[in-house]
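Structure first, commentary second.
The values are calculated or read from the model by the stated rules, or taken from the named source; none is laboratory data. Worth saying up front: this structure is predicted, and the values here are computed from it rather than measured. So basically every Cβ, Gly included, is an ideal-geometry build from the backbone, and we count neighbours across all protein chains shown. Note: areas computed on protein heavy atoms with side chains; ligands, DNA, RNA excluded. Shrake-Rupley method; radii C 1.70, N 1.55, O 1.52, S 1.80 Å.
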Amino acid sequence: MRFLRNKQEKIICTLYLIISVAAIIPALFWDINFGLLVLILCIILFLLWFLDTKKRYNRIRELSCDIDRLLHSEKRISLEKYSEGELAILQTEINKMTLRLAEQKQQLQKDKVYMSDSIADISHQIRTPLTSINLLVSAINDSATTPELRGRLVRELSDHLSRIDWLITTLLKISKLDAGTVEFKKEQRELKKLVELSVSPLLIPIELRLQNLNIYTNGVFCGDLSWTAEALTNIVKNCMEHTPVGGSINITAQENPLYSEIIVSDTGSGINAEDMPHIFERFYKGKNSDKNSFGVGLALAKNIVNSQNGTLKAENGIEGGARFTMRFYKSTI
């Protein structure tokens, strides 16, 4: 009688015995036969309650054992036998829980694979410039190296270190976005201010490449200025790297009643059809990519825009060249 360990069942049993005794004693004084009848009825009712309670607790114990096997076994265990009676609700909730646990397990497995692949990609991306740095350091320390060559090697070394620093900074930003720890500001800012802030780090490289930068802005957008500028800078940088000398980069930013839109286009070779589905993937490099590219700039831009409930689309322009469309939709009341 394990169920009698339950305090509630003990109280019910005690109350039943008290009520039975209170009914049987007066019945016996009233009439011996009537008292015996009441006694028999009380015993029958007690046995029925006892058997029903014992059966219920046995089913609960079976369900507990099935749940334990379900948690510690890879095999799928059916709980359909508990689909009737008062355990049906519990069975339904347990099924929901097991499905959720299975989904979480699959997601954790995917996250483990993704993390493993990411670490492998990051180590590969960092190993390449580190190998170059080791060679440069060896050449710099070589006594036969002339001062002119040593100065050029130092500049190359500085360039590699800057690239590694940029890669690590970008990866940290992506990891923060993936973890959801970034709090984006929601404020209205002029599109002109956003574009100016985005292109300012690229004005000198664009000028050195003899490229034309054409900007048209009108209206405002609602979002985080600094993070959105980071995304737009990476897009413009990508267009700059794929635009030939003397080419043009066009930025059009405007607002309408539905959304604020920023279009960046160039007069380069455009996006290869094979690269189009993967252009926003992390560490992906297209056929026409710069050999010094890490393939994380567009991935970061996509992540930033999506985190602000915006959209970022890449396509080829009608007259050639790449075309990136960034939209931030206005919330409706």
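When D111, D117 are screened for being at pLDDT below 70 and open to solvent by less than 90 Å² (accessible area, probe 1.4 Å), only D117 passes.
For region 298-316, taking the residues that are surrounded by fewer than 16 Cβ atoms within 10 Å (Cβ to Cβ) and in contact (Cβ under 8 Å) with a residue 12 or more places away in the chain, the one that is nearest to the chain's Cα centre (by Cα) is identified as N309. Just one of (1) touching a helix residue (DSSP H, G or I) at 6+ places or on another chain (Cβ under 8 Å); (2) closer than 21 Å to T252 by Cα; (3) open to solvent by 30 Å² or more (accessible area, probe 1.4 Å) fails for K185. It is (2).
Summed over region 211-254, the residues that are in contact with a Gly (Cβ under 9 Å, 6 or more places away or on another chain) and among the hydroxyl-bearing types (S, T, Y) give a count of 4. Somewhere in region 154-165, is a residue open to solvent by 60 Å² or more (accessible area, probe 1.4 Å) and over 30 Å from I119 (Cβ atoms)? Scanning region 154-165 turns up at least one residue that is open to solvent by 60 Å² or more (accessible area, probe 1.4 Å) and over 30 Å from I119 (Cβ atoms). Looking only at residues in region 50-64 that are of a type in the set (A, V, I, L, M) and under 23 Å from I12 (Cα atoms), the one that is surrounded by the most Cβ atoms within 10 Å (Cβ to Cβ) is I60. Among residues of region 198-221 that are among the polar types (S, T, N, Q), those with a beta-carbon under 6 Å from a residue that is at pLDDT 90 or above and surrounded by fewer than 17 Cβ atoms within 10 Å (Cβ to Cβ) at least six positions away or on a different chain give the pairs N212/S248; T217/K192; N218/Q254. Of all the listed residues (L71, L47), the sole one being out of contact with any Gly (no Cβ under 9 Å at 6 or more places or on another chain), modelled with pLDDT of 75 or more and open to solvent by 80 Å² or more (accessible area, probe 1.4 Å) is L47.
Checking every residue in region 238-250 against the condition of being open to solvent by 50 Å² or more (accessible area, probe 1.4 Å), out of contact with any Pro (no Cβ under 9 Å at 6 or more places or on another chain) and among the β-branched types (V, I, T) gives at least one match.
What's the total number of residues in region 240-264 that are of a type in the set (D, E) and modelled with pLDDT of 90 or more? Summing the residues that are of a type in the set (D, E) and modelled with pLDDT of 90 or more in region 240-264 gives 2. In region 258-270, the residues that are on the phi > 0 side of the Ramachandran plot reach residues that are open to solvent by 20 Å² or more (accessible area, probe 1.4 Å) with C-beta atoms within less than 6 angstrom, at least six apart or across chains, in these pairs: G270/N316; G270/G320.
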